[in-house]
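Reading through the structure tokens given below for one structure.
The values are calculated or read from the model by the stated rules, or taken from the named source; none is laboratory data. Every value quoted in this text rests on a predicted model; they were computed, and no experiment measured them. FYI the Cβ positions are ideal-geometry reconstructions off the backbone, even for glycines, and counts take in every protein chain you see.
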């Protein structure tokens, strides 16, 4: 019989190769076989795509955001679709990092905040070094000890927020300089009165409300449940020595000389 396909790969080819004279021996029968095969193939492909769309590495790129919503992950501002698909595929591994410094810092990194430090009262300072491996972000975590601040009366640790060293689960996010994406420059108080300014109010490096909300949402989502987030601290000028703020200039004024300039630290 003409047109028989020995190794069919579709339903259309399969039906066309059936040894049924009334189906494939005349134009009308061949037409019916082709239409039936086309419909079978169409719905098979639709069902196949419906299954594949659930899997990040097989789904079309416009489906990734919906998978991200389901798995609680946001695509990074400069993250490729391929890297985001890997993170979505490994979502359960990433969520095992929730409640840890690397979990918070890695999510901040993905949203473009690569230079932030997590500073814990009485304790360590965490940061990310270099570009984290999407398959092993823990390897990029850096842990340092803040040590004792000899420039504050009573010798509390470097970061105490209010001189109270009793609650060691409190922490803050510290930026040593203005993040690059904070393009909404303002000279007013912090958006929505989120936090007081510390030092001077003359700086013009305030972020937008959206910037602040993005950071707060990420930190509160990924931080340890037992920990209290004390806010975002930004050094816009000078160098700080611990917190509450002591500066190189203030320290040397007490010692009879001045080097450096007073720090400007803003809290959000």
* State whether one or more residues within segment 113-127 are surrounded by fewer than 17 Cβ atoms within 10 Å (Cβ to Cβ), at positive phi, at pLDDT 85 or above and out of contact with any helix residue (DSSP H, G or I) (no Cβ under 6 Å at 6 or more places or on another chain). => no
* Please tell me if residue 47 is crowded, with 18+ Cβ neighbours inside 10 Å and more than 30 Å from residue 226 (Cβ to Cβ). => no
* Of all residues in segment 56-71, how many are more than 27 Å from residue 227 (Cα to Cα) and outside any loop (DSSP other than H, G, I, E, B)? -> 7
* helices (runs of 4 or more DSSP H) lying entirely in segment 72-113 (those with 3 or more residues that are closer than 20 Å to residue 210 by Cβ and in the same structural domain as residue 182 (by TED's automatic domain parsing)) -> 101-110
* Failed criterion for residue 87 (all others in (1) surrounded by fewer than 14 Cβ atoms within 10 Å (Cβ to Cβ); (2) under 21 Å from the mean Cα position of the chain (by Cα) hold) -> (1)
* Asked: Is it true that some residue in segment 207-222 is at pLDDT 80 or above, buried (at least 20 other Cβ atoms within 10 Å of the Cβ) and outside any helix (DSSP H, G or I)?
  -> no
* Asked: Any chance segment 131-145 includes a residue that's surrounded by 16 or more Cβ atoms within 10 Å (Cβ to Cβ), at pLDDT below 70 and in contact with a strand residue (DSSP E or B) (Cβ under 8 Å, 6 or more places away or on another chain)?
  -> no
* Quick check: is even one residue across segment 167-174 modelled with pLDDT under 65, over 22 Å from the mean Cα position of the chain (by Cα) and surrounded by fewer than 20 Cβ atoms within 10 Å (Cβ to Cβ)? -> yes
* **Enumeration of residues in segment 33-50 that are within 30 Å of residue 65 (Cβ to Cβ) and modelled with pLDDT of 80 or more** => 41, 42, 43, 44, 45, 46, 47, 48
* Any residue at all in segment 19-32 that is outside any helix (DSSP H, G or I), touching a helix residue (DSSP H, G or I) at 6+ places or on another chain (Cβ under 7 Å), farther than 30 Å from residue 83 by Cα and at pLDDT below 75? -> no
